[in-house]
Amino acid sequence: MEDDLPTEYDVIVVGTGMTESIVAAAASRIGKKVLHLDSNEYYGGLWASFNFDGLQKWMEECRQPNKPSETVDASKAKEGEKLVKAGNQFSTVSNLEEKWYILEEVADSPEGQLSSKITQTEGEEHPASKAAVGPGEGAASSLGGESEKLEKEGNCEKPDSDEAKDNSVLNQRENWSQNKLKKEYRKFNLDLAPKLLFARGSLVELLISSNIARYAEFRSVTRVLTWINGRLEPVPCSRADVFSTQNVSVPEKRMLMKLLSSCLENEDANKEFEGFEDKTFVEYLKSKKLTSNLMHYVLYAIAMATENTLCMDGVNRTQRFLNSLGRYGNTPFLWPMYGSGEIPQCFCRLCAVFGGLYHLKRAADAIIIDANGEKCIGIMSGQQHLETANLVMGVGYAPPDFVKTAPSGGLSRGIFVTDRSILPSDKESLTLLQFPPLDGAREPVTVIEVGHTTNACPKGLYVVHMTCKQQTTAHEDLKAVVEHLLHVEFSDGTVARIDTDIKSTQTAHQEGSSAENPEGADASGERPAALKPQVLWSLFFNCPETSQCDFSADVPSNVFLCSGPDLDLDFEFSVKQAKEIFTKMYPESEFLPRAPDPEEIVLEGEEGSGEGAEQKEGEEQGDAQEGPKEAQSEE
Amino acid sequence: MANRGGAQRPNGGPGKICQFKLVLLGESAVGKSSLVLRFVKGQFHEYQESTIGAAFLTQTVCLEDTTVKFEIWDTAGQERYHSLAPMYYRGAQAAIVVYDITNQDTFGRAKTWVKELQRQASPNIVIALAGNKADLANKRVVEYDEAQAYAEENGLLFMETSAKTAMNVNEIFLAIAKKLPKNEQVSGAGSSGQTRRLVESEQQKAPGNCCK
């Protein structure tokens, strides 16, 4: 039975993707009456994050052939109105490939499984011991962290049995079966569109200035890696990193600092880059006589550019990276706890807080336009005729007639659940790796690795996301990078990998006969490489990339289309697009002014007691009255 | 935000200060916002409009050696068409599921919300069931014993409350405060150590600000 909704709005927003959600929040914030619909039962559309179960359901829906579209009941249209059926051509996911690399059920002794389970539960239910280890250490799920924790608990006899103990703990922990993983489905948050935030990027600034930041929590990306000379290396990104790194010689360090400084000095930009306006960033770097080592760091890891990137574009990208350093953590990046899919929801919440109406599992079946096709009157949703002054719509729902000039670009995505980090360290890392184009033909691949401290997966596992521009299929496009970084052979969890752990970094060579073959690193021969992560489960898919589409050509003047996920690392594109749409609708109004905090509002007669921090019960009061007043005054 | 950071530091006062996220759940019009208004401001409005603009309130409760600061989240109406976002539950250490003792449906829905919490929220969440509008005893349709039995079965705190008369309002928050683990490092759904809320300048990122 469908719910009856009020029938008149200032803005109807269809789809809860990133741009749509920001626009919804911005309109509601200035007192506009907003209805926000999504035909899915979840928020975010192609921007969503799912737990393991949710992702399975999503895949099922994707695999279903397009439902025969319901005919729109033209009789519902009023006189002088035309109905245009909503479409779905840009929400179609293709080349979906899911694969398991582990047994469905582990034929283990029940005792083993039991104790493994206990070990895990202990890890979670003794926050006190986590606390004792101190912030950060509790987050470590590597062997080092684990053993340290056991020591702190005081029931671990060492040192002689230390190694055996570590190994046994590890063995139990690694004993993942499909069923066990599925049982832990709630501990996963897997992103369809994983995005990082530049610490001084437009989204971070918007979250702070609008006060939406209070709805979300983040973690700093702990390291930036690059792939150079056939292996992974950390990229020195801060000044301290540059000075402490051993991968760059002292003269190189000076060269690098000089180059980065000149990229940052805007005033001298014209002089510095004179003559390079039409040349590539690589040509500029070459003119600076950078060593190939440094070229690689700057081009691929810092600017995250390619050989074709134009000079000024490369400089801007370098600036973006450098400007975001030093604000939060060691790298320029933040990652949202529980995944990128949280961010649209934060904007939706703000929209709701200011009166926006939310209805999931509710579709816009048709767009109602006037007889001339110049103006949108509203939408047909189920049996309801809903009128609106403006319609904002995710491109996935747009009628084909609204987007005639769409390019056929796409994203190639890979999601991998693995049993260890691509480059183990003593603490759990949150990693960004921009994998350079392997040969001229391939696109760079963005690799993001997250662990359980971001709630991406259960403890002991990692999630690796790969994204690149679509050329063929996701599987094909990502294959080379997958093979360099991950172990994608089936593993029944016995001999081969059971005695491998981080310590085997030192012993990997003696065990060279095992299934693992870190071929990339062997080539250098300088040091033994850590074993590649075993993939437990993987998913490949392609989805449309619509950020290049021209959305204004074929739509009525009060209809605004929003792109799906784009290739960029951050949400910058969506923020920009949302702001543009908002400004077209309400040119006079402020875009997401700061929402009030409860603490900052002082009640009448309470003047001067704003510093409520020390107040005791009963004295500190909230903004229940102030908030609504403010909202109403703007209507 | 500065106050929030400050509030978590002991500031030389007695005992420690713990901050918890508490979410409200329940059907529209059962009195979720009224309960919070009564608790936070000591006020009651007979014809309280549905919550606009103020879906995020704070209030402190003093226990013997601890000050518990509640960061109270209201649904902002997103429950109305069953469209509450999962982010609402994230990191919530406590929840009050509210029903109206004069409306049987709302009690049924309360049970659904409890299930939803068990499905979506942190496994250690402290849940309280509040049978609100206890001042309307003459219109009662949900029996005290029935709700009490249900709460016991599911390990919930239970009280009948009245936002209008203030009956059991402070008490239910106090009961929750008592039941919450007071170790400062304890938090919901795995958020530990280095998670952060974004604030205007990093200076405000006091150690206490990022661990709730």
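The values are calculated or read from the model by the stated rules, or taken from the named source; none is laboratory data. These numbers come from a predicted model, not from an experiment. Backbone-built Cβ (ideal geometry, glycine too); neighbour counts: all protein chains shown. Surface accessibility is based on the protein's heavy atoms, side chains included, excluding ligands, DNA and RNA. Shrake-Rupley method; radii C 1.70, N 1.55, O 1.52, S 1.80 Å.
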inquiry  = If amide hydrogens are placed 1.01 Å from N in the peptide plane, which non-local residues have theirs closer than 5 Å to the one on residue A:589?
reply    = none
ask   = Hey, which of these cross-link pairs are over 24 Å Cα-Cα: B:32/B:111; A:183/B:182; B:133/B:182; A:479/A:532; A:32/B:133?
value = A:183/B:182; B:133/B:182; A:32/B:133
inquiry  = Lysine pairs in segment A:233-323 with Cα distance under 15 Å, only those 8 or more apart or on different chains: how many are there?
reply    = 8
inquiry  = What's the whole-number percent of alpha carbon pairs in segment A:400-468 lying beyond 16 angstrom?
reply    = 57 percent
Residue A:536 long-range amide H proximity, modeled H, under 5 Å = A:417, A:418, A:419
inquiry  = Can you pull out the GluC sites (Glu not before Pro) in segment B:61-152 whose DSSP state is coil and whose Cβ has at most 12 other Cβ atoms within 10 Å?
reply    = B:64, B:143
request  = Provide the per-residue ³J(HN,Hα) series for segment B:128-136, in order, calculated from phi with Karplus coefficients 6.51, -1.76, 1.60 and θ = phi - 60°, each as a whole number of Hz, with x at glycine and proline positions.
outcome  = 10, 9, 10, x, 8, 6, 5, 5, 9
message = Need one value for A:4-17: mean number of C-beta atoms belonging to other chains within 10 Å of its residues' C-beta atoms.
response = 0
task = Evaluate the distance, in nm, between pseudo-label points positioned 7 Å from the Cα of residue A:483 and of residue A:61 along their respective Cα→Cβ axes.
result = 3.5 nm
note = Result for interface chain A to chain B, accessible surface buried in total, 1.4 Å probe, Å² to 100, stands at 5600 Å²
key: Net dipole in debye of segment A:233-323 [+1 Lys, Arg Cβ; -1 Asp, Glu Cβ; about Cα centre; nearest 20]   = 320 debye
message = For segment A:178-292, what does the accessible surface come to per residue with a 1.4 Å probe? Please give it in Å².
response = 45 Å²
query = Which of the residues in segment A:176-212 show a loss of at least 50 Å² in accessible area from their chain by itself to the complete set of protein chains, at a probe of 1.4 Å?
reply = A:186, A:208
ask   = Under a 5 Å amide H to amide H cut-off, with H placed in plane at 1.01 Å, what residues pair with residue B:100 once short-range neighbours are removed?
value = B:106, B:107, B:132
Accessible area in square angstrom per residue, segment A:352-430, 1.4 angstrom probe = 30 Å²
message = Show me, bin by bin at 10 Å from 0, the whole-percent P(r) of segment A:329-416 based on Cα pairs.
response = 11, 30, 32, 20, 6, 1
note = Karplus ³J(HN,Hα) for segment A:461-472 (6.51 cos²θ - 1.76 cosθ + 1.60, θ = phi - 60°; Hz, whole; x = Gly/Pro) runs 10, 10, 10, 10, 9, 10, 9, 8, 5, 6, 10, 10
ask   = Average partner chain C-beta neighbours within 10 Å, per residue of A:336-346?
value = 3
note = In this structure, among A:33/A:78; A:459/B:69; A:99/A:182, pairs with alpha-carbon gaps over 20 Å are A:33/A:78; A:459/B:69
query = In whole Hz, what ³J(HN,Hα) sequence does segment A:215-225 give by Karplus (6.51, -1.76, 1.60; θ = phi - 60°), x for Gly and Pro?
reply = 7, 10, 10, 10, 10, 6, 5, 8, 7, 10, 10
task = Hand me the trypsin sites (Lys or Arg not before Pro) from segment A:317-423 located in a DSSP loop with no more than 11 other Cβ atoms within 10 Å, in residue order please.
result = A:404
remark   = One quarter of the C-alpha convex hull surface, i.e. the mean projected area of segment A:233-323 in nm², amounts to 5.3 nm²
key: Sites residue A:287 and residue B:171 - FRET efficiency at Förster radius 60 Å, r taken between beta-carbons, to 0.05   = 0.20
task = Could you tell me which of A:273, A:294, A:262 has its Cα farthest along the dipole of segment A:233-323 towards the positive end, charges placed at Cβ (Lys, Arg +1; Asp, Glu -1), taken about the Cα centre?
result = A:294
